[in-house]
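Encoded as structure tokens, the structure appears first; notes follow it.
What follows is calculated from the coordinates using simple rules that are stated; it is not laboratory data. From a predicted model like this one, the values you see are computed outputs, not experimental measurements. A quick note on method: Cβ atoms are made from the backbone with ideal geometry, for glycine too, and the neighbour counts reach across all protein chains shown.
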Amino acid sequence: MPKKIKKTDIPRDSRSGIKPTKLKSSQGISFSFKYYQDGHTKFFCTEKEVIYWLTLLDRLKALSSLTAQDLLINRSSSLRCHPIKWEDTSESGFGLPNEEQLVDTPYQFSLSSNKHGRVHGFFIDEIFYIVWLDPDHLLYSARN
């Protein structure tokens with residue numbers, strides 16, 4: 001005789017009767033382009049070859065398995081993640097509205113050893129907000 005399938009009880013605490021899935025908090029870094037400045041006169045990538053974009057995606061994928069703390073203490077020579085000291089750069093800040101309330105510490109990291117430049121942005125919790133892609137290392141070039 002076939003087994004009888006037990007009826008599934010659906011809780012009635014939502015309109016549809018289906019409970020929302022509970023997700024764990026993020027286990028790694030997420031990246032946001034909310035403050036990305038693609039029209040910046042110095043930091044643009046319109047002429048970059050496919051290898052640049054593939055390297056960028058590979059780096060973001062690899063970093064997404066780390067926590068923000070892991071990234072900040074990482075001493076890899078190919079990553080070189082560190083705070084940006086505006087006084088040592090050609091810029092005085094990102095130029096974002098309310099930047100002093102928004103950005104606690106600006107950071108940069110490399111896409112690879114000696115090639116493909118850097119990514120500049122800032123953290124809010126485990127989200128790294130990318131502001132500039134700097135494929136030609138122009139942030140720390142001669143101050144203009």
Worksheet entry | C-alpha center-to-center spacing [region 111-144, region 59-98] in angstrom | 7
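Of the trypsin sites (Lys or Arg not before Pro) in region 94-144, which ones lie in a loop per DSSP and count no more than 14 other C-beta atoms within 10 Å?
Values: sites: K115, R118, R143; in loops: K115, R143.
Passing both the DSSP loop test and the Cβ count: K115, R143.
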Discussion item. Test of understanding: what is the full-extension gain from E99 to K85, defined as 0.36 nm times their sequence separation minus their Cα-Cα distance?
Written reply: 3.5 nm
Item to complete: Among the aspartates and glutamates, select those whose C-alpha is under 20 Å from the C-alpha of K85, and discard any that sit fewer than 8 residues away in the same chain.
Response: E99, E100, D104, D134, D136
Worksheet entry | Overall form of region 78-144 per C-alpha gyration tensor (a/c, 1.5; a/b vs b/c) | oblate
